[in-house]
1. Test of understanding: among Leu225, Leu213, which residue is open to solvent by less than 50 Å² (accessible area, probe 1.4 Å) and either modelled with pLDDT under 90 or aliphatic (A, V, I, L, M) (or both)?
2. Could you grab the pairs with beta carbons closer than 8 Å, sequence gap of 6+ or different chains, first residue in the stretch 13-40 and of a type in the set (Asp, Glu), second one surrounded by fewer than 17 Cβ atoms within 10 Å (Cβ to Cβ)?
3. Among what's in the stretch 173-197 and is touching an Asp or Glu at 6+ places or on another chain (Cβ under 8 Å) and open to solvent by 40 Å² or more (accessible area, probe 1.4 Å), pick the residue that is farthest from Glu116 (Cα to Cα).
4. Residues of the stretch 104-134 being open to solvent by 60 Å² or more (accessible area, probe 1.4 Å), modelled with pLDDT under 80 and among the polar types (S, T, N, Q), which ones?
5. Of all the residues that make up the stretch 135-156, how many are free of Cβ contacts under 8 Å to residues at least 24 places away in the same chain, open to solvent by 80 Å² or more (accessible area, probe 1.4 Å) and under 23 Å from Ser212 (Cα atoms)?
6. Can you list the strands (runs of 3 or more DSSP E) lying wholly within the stretch 1-93 that have 3 or more residues being touching a Lys or Arg at 6+ places or on another chain (Cβ under 9 Å) and modelled with pLDDT of 70 or more?
7. Restricted to the stretch 228-246, and to residues that are surrounded by 11 or more Cβ atoms within 10 Å (Cβ to Cβ) and within 37 Å of the chain's Cα centre (by Cα), which residue is nearest to Ser152 (Cα to Cα)?
Amino acid sequence: MSLVTRCPVCATAFRVQRTQLGARGGKVRCGKCGQIFDGVASLMEEGAEPLKIEPSPQLGLFDSSRRVSTVDEETPLPAFMADEEPARRTALLWGLLALLAAAALAAQGIHRFRSEIAAQLPGARDSLAAACRVAGCQVLLPRRAGEMNIESSDLQADARREGVIVLNALLKNRAAVTQEYPALELTLTDEGERPVLRRVFMPRDYTDAGRSLEQGIAAGGEVPLRLYLDAGRQRATGYRLYLFYP
C-alpha cells in the first residue's frame with residue numbers, strides 16, 4: 001500500500017511505500033530538491049487537495065544530477081566511513097613514545113651493567129668508554145667478590161725488624177672474566193680472638209709498582225702478595241684476612 005508525503009522545502013508530493021518509510025526511521029530524500037526530511041511527519045491524506053504526484057523520493061538517491069542538500073553534508077558519517085587520520089596520528093604518537101621509552105630503558109641497562117658488558121664483549125669497551133666520557137662515568141672491570149678467593153695466607157714476624165709482621169697471601173680470580181683488584185682487610189687478634197689492630201689495604205698498597213691496576217686480574221689468574229705491617233707494641237696471636245670491593 002502506497003502513502004503520500006510532501007517535501008517541506010519544495011512542497012512536492014510523493015508516493016512512498018510503507019517499507020520505504022520503515023527502512024531508515026521514516027527519513028526520505030526529496031526526488032526534486034534532494035532535501036532529506038521526515039516522511040512520516042509529512043504524510044498527507046489523498047484527496048484532501050489536488051496533488052501533482054512526483055516519482056518516489058527514493059529515486060532521487062540514484063540521480064546524480066540532483067542537487068545535494070546541505071543537510072546531507074552535516075549528517076554524521078557512519079563509523080566505517082569516518083576519517084581514520086586522527087586515529088593513525090594517535091597510534092603513531094604512541095608508537096614513538098613507546099620507542100623512546102624502550103631506548104631509555106636500554107640505555108639505563110647498558111649504563112648499569114657497562115662493566116659486565118665490557119668484560120663479556122671486549123670489542124665494545126672503546127665505545128662504552130667514549131659514551132662514558134660524555135656521560136661522566138667510567139667503565140670499570142667487574143667486581144665479583146664471590147669469585148675472587150684468598151687461596152692461601154700466612155702471618156709471621158719480620159726477623160730483621162722488631163714489631164713488624166709480614167703477611168704473605170695468594171689471590172685467585174675464579175671468574176670467567178678479568179676482575180678488578182680487591183681491597184684487603186687484615187685484623188690482628190689476641191688470645192681471646194678479640195681484634196687488637198685492623199688495617200685496610202687498597203690494591204695500590206700490595207701490588208708491584210710496575211703492575212697496571214687497570215688491567216685487573218685475568219680470568220683464572222693468580223696474584224701473590226706480601227705486606228708489611230708495623231704492629232708496634234700490640235700483642236697479637238692470630239689474624240683474620242678477607243677481601244672486599246669498596
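The values are calculated or read from the model by the stated rules, or taken from the named source; none is laboratory data. What you are looking at is a predicted structure, and each value in this text was computed from that prediction instead of being measured. Cβ placement follows ideal geometry from the backbone for every residue including glycine, while neighbour counts extend to all protein chains displayed. For accessibility, only protein heavy atoms count, side chains too; no ligands or nucleic acids. Shrake-Rupley method; radii C 1.70, N 1.55, O 1.52, S 1.80 Å.
1. Leu225
2. As it stands, the answer is Asp38/Lys27, since those pairs meet every condition given.
3. Among residues in the stretch 173-197 that are touching an Asp or Glu at 6+ places or on another chain (Cβ under 8 Å) and open to solvent by 40 Å² or more (accessible area, probe 1.4 Å), the one farthest from Glu116 (Cα to Cα) is Val196.
4. Residue satisfying the conditions is Gln120 alone.
5. Filtering the stretch 135-156 down to residues free of Cβ contacts under 8 Å to residues at least 24 places away in the same chain leaves 136, 138, 146, 152, 154, 156.
If we keep only those that are open to solvent by 80 Å² or more (accessible area, probe 1.4 Å) too, we end up with 138, 156.
After this cut, where a residue has to be under 23 Å from Ser212 (Cα atoms) as well, the list is 138.
So the answer is 1.
6. Because the criterion is at least 3 residues that are touching a Lys or Arg at 6+ places or on another chain (Cβ under 9 Å) and modelled with pLDDT of 70 or more, the strands (runs of 3 or more DSSP E) in the stretch 1-93 that meet it are 2-6, 36-38.
7. Leu243
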